[in-house]
Amino acid sequence: MQRFWDKVNKSDDCWNWIAGLRGETGYGCIKYEGKVIDAHRFVWFLTYGVFPKKWILHKCNNRKCVKPDHLYEGSPAENYWDMRRHGKDHIPQSPYQT
């Protein structure tokens, strides 16, 4: 989708989302079929053809990054330990928690 890629600043390292951000989480977001979706989850859909059933985590620890090579599927526990490893103490409430 050209509309999506027009909102991405590609560098040698991360591909940063440069459009709208979710206020609480700081993740990039885009509206698709009437729903607001996190940009890193949407790029997973563009890359693999399916929306992820698990959480999408960042290897680069950059919430604005949408580079497919920097993303991987993980569990809430893996997300928690990944954030702790990067020194994050505050854990925002995720819209994907049940």
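The values are calculated or read from the model by the stated rules, or taken from the named source; none is laboratory data. Everything numeric here is computed off the predicted structure, so don't read it as measured data. Quick reminder, even Gly has a Cβ in these numbers, built from the backbone with ideal geometry, and neighbours come from all protein chains shown. Ligands, DNA and RNA are excluded from the accessible area calculation, which covers all protein heavy atoms including side chains. Shrake-Rupley method; radii C 1.70, N 1.55, O 1.52, S 1.80 Å.
The table that follows gives values for the structure above.
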read-out: Estimated distance in nm for a label pair at MET1 and ASN61, the labels positioned 7 Å out from Cα along Cα-to-Cβ; value: 3.1
read-out: Size of electric dipole in the chain: Cβ of Lys, Arg +1 and of Asp, Glu -1, about Cα centre, debye, nearest 20; value: 140
read-out: Proximal lysines to LYS35, defined as alpha-carbon separation beneath 20 angstrom and excluding residues fewer than eight positions away on the same chain; value: LYS7, LYS53, LYS54, LYS64
read-out: Residues in segment 11-25 that a label on PHE45 would reach, taking backbone N under 13 Å of a point 7 Å out along Cα→Cβ; value: none
read-out: Potential lengthening between ASP13 and LYS35 on full extension [0.36 nm per residue; Cα-Cα distance subtracted]; value: 5.0 nm
read-out: Cubic angstrom per residue, convex hull over Cα atoms of the chain; value: 107
read-out: Cβ-based net charge around CYS14, under 11 Å, with every Lys or Arg adding one and every Asp or Glu removing one; value: +2
read-out: Taking the chain and dividing mean pair separation by its residue count, relative contact order in percent (alpha carbons under 8 Å, at least six apart); value: 23
read-out: Heavy-atom accessible area per residue - the chain, 1.4 Å, Å²; value: 63
read-out: Difference of contour (0.36 nm per residue) and Cα-Cα distance, ASP69 to LYS53; value: 3.9 nm
